[in-house]
Amino acid sequence: MQQLKSLEELRAWRNQVKGTVALVPTMGNLHEGHLKLVDVAKQHAQHVVVSIFVNPMQFGANEDLDSYPRTFEADCLALAERGTAAVFAPTVADVYPRGLQQQTFIEVPGVSDILCGASRPGHFRGVATIVAKLFNMVQPDCAIFGEKDYQQLQVIRLMTCDLSLPVEVIGMATERAPDGLALSSRNGYLSAQQRQVAPVIYQALQQLSQAVKSGSADSMALSKAKNNIEAAGLKLDYLELRRRSDLANATAQDNELVILVAAFLGKTRLIDNLQFNR
Ligand code: PAF
């Protein structure tokens with residue numbers, strides 16, 4: 001597996017590669033969910049590039065940019081075992097040579113301003129900008145993203161469409177621990193006791209979807225699920241029932257739905273979602 005630590009090295013590698021290329025963008029600290037993205041990528045292209053870049057542009061001032069876990073050596077071992085062709089791990093200066101303040105950015109209106117976008121202003125601007133830059137740098141045929149970040153995936157799909165980028169964006173189902181907790185690098189912040197409590201999020205999503213499917217009023221079902229999550233000691237940021245296609249508020253006529261949740265367990269912000277049909 002090639003380790004490409006600059007844009008120059010990436011371009012030299014990319015120029016000599018023959019055949020199709022899939023990109024798996026990550027911020028490192030890889031878990032089985034990321035490695036499954038690599039497996040899916042291998043089904044779609046002859047060569048898989050995984051980018052590892054903790055993108056400062058998508059972190060707010062009081063967020064965990066500095067403490068975000070960096071585990072490059074272990075990540076490379078796992079990726080090599082999984083048949084990754086190259087890891088692209090650029091420096092911040094390589095990605096933002098004029099500095100973050102001067103950087104041209106990409107903003108996807110509407111979908112970036114709700115849910116996580118409302119709680120984390122500027123977050124999706126940072127995501128859209130880095131993903132567009134990675135697409136331009138790597139020039140992949142396709143790119144694979146996890147559906148755990150459902151709103152992020154919507155932002156990336158719209159950005160790719162709006163800018164006519166020649167990249168197929170592929171979403172992959174959320175990978176879960178046996179107790180249902182969605183795999184996330186941020187799970188590593190949880191204490192043993194918090195880790196025991198965390199599956200309540202997925203349990204509440206399942207109960208809520210069942211209640212809606214069996215005809216309970218959306219508002220009643222939502223408030224019961226909120227109570228269950230808060231009774232377990234989490235602080236809800238949001239729990240919302242939305243239309244899957246555009247994340248607008250779900251009406252009784254909408255059939256294809258997604259429940260999206262963000263909640264704090266101590267200082268750790270966890271997100272999850274569940275797609276279902278009414
Ligand atoms: O989902 C992530 O890990 C990041 O938001 C991404 C897509 C790699 C962009 O930095």
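All of the numbers you see were taken from the coordinates with simple rules; none came from a lab. Worth saying up front: this structure is predicted, and the values here are computed from it rather than measured. With ideal geometry, Cβ positions are generated from the backbone for all residues, glycine too; neighbour counts draw on all protein chains shown.
Brief remarks on what is shown
- Within a straight-line Cα-Cα reach of under 16 Å, Lys224 can be paired with the following aspartates and glutamates, leaving aside sequence neighbours fewer than 8 residues apart in one chain: Asp237, Glu240.
- Hits among lysines - C-alpha to C-alpha of Lys36 under 17 Å, sequence gap 8 or more where chains match: Lys148
- Cut-off 14 Å between beta-carbons: net charge of the residues surrounding Leu10, Lys and Arg +1, Asp and Glu -1: +1
- Computed per residue of the chain from DSSP H runs no shorter than four, each worth -39500 (n - 2.57), the mean residue ellipticity at 222 nm is -11000 deg cm²/dmol.
- Ranked by the mean number of other Cβ atoms within 10 Å of their residues, highest first, the peptides 199-205, 10-16 come out as 199-205, 10-16.
- Angle in degrees between helix 32-44 and the longest Cα principal axis of the chain, rounded to the nearest 10: 60
- Within the chain, antiparallel bridges make up roughly 50 percent of the DSSP beta bridges whose residues both belong there.
- For the range 194-237, the dipole from Cβ point charges (+1 on Lys and Arg, -1 on Asp and Glu) about the Cα centre works out to 100 debye, to the nearest 20.
- Gap separating the Cα centres of the range 65-92 and the range 171-240, nearest whole Å: 29
- Seen against the Cα atoms of the chain and their longest principal axis, helix 123-138 is set at about 30 degrees.
- Largest to smallest principal axis extent of the C-alpha atoms in the chain, angstrom: 58, 41, 39
- For Ser184, net neighbour charge (Lys/Arg +1, Asp/Glu -1) across residues whose Cβ lies under 13 Å away: -1
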